[in-house]
Amino acid sequence: MAPQKKFHLVFSFIMGAMMVFLMTFVITAVNLGFGPHFLGAWVRVFAIAYVIAVPVIFFLAPIARKLTGGLLGVQA
């Protein structure tokens, strides 16, 4: 695998983990509070969201970079 492709793949896994960790934690806490079922519910939604988020980031990050570059008038 080319180094740039490998970088983008690893970036997608790491960014997915950070984003999904924070978002599912906050949304689960808002919806359920920190009761006895919080941890189980949070782990469940984290797993589901992570499986979705990584491919989305992998395929959409290059498009977001191009759009951002176009909006700011810089080479992305």
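Table: residues versus (1) part of a helix (DSSP H, G or I); (2) of a type in the set (S, T, N, Q); (3) in contact with an Asp or Glu (Cβ under 9 Å, 6 or more places away or on another chain); (4) under 25 Å from residue 75 (Cα atoms).
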| site | (1), (2), (3), (4) |
| --- | --- |
| 4 | yes, yes, no, yes |
| 15 | yes, no, no, yes |
| 28 | yes, yes, no, no |
| 36 | no, no, no, no |
| 42 | yes, no, no, no |
| 47 | yes, no, no, no |
| 52 | yes, no, no, no |
| 55 | yes, no, no, yes |
| 64 | yes, no, no, yes |
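For the subset of the stretch 37-60 comprising residues that are touching a helix residue (DSSP H, G or I) at 6+ places or on another chain (Cβ under 7 Å) and among the aliphatic types (A, V, I, L, M), which member is surrounded by the fewest Cβ atoms within 10 Å (Cβ to Cβ)?
The initial filter retains those residues of the stretch 37-60 that are touching a helix residue (DSSP H, G or I) at 6+ places or on another chain (Cβ under 7 Å), namely 38, 41-42, 45-46, 49-50, 53-54, 57-58.
In the following step, the residues that additionally are among the aliphatic types (A, V, I, L, M) were identified as 41, 45, 49, 53-54, 57.
Numbers: 41: 15, 45: 17, 49: 18, 53: 21, 54: 19, 57: 19.
Only one residue tops the list, namely 41.
Read-outs: derived from the displayed coordinates by stated rules, not from any lab. These numbers were taken from a predicted model, which means no experiment stands behind them. Methodologically, a virtual Cβ is constructed for each residue, glycine included, from the backbone with ideal geometry; neighbour enumeration extends over all protein chains shown.
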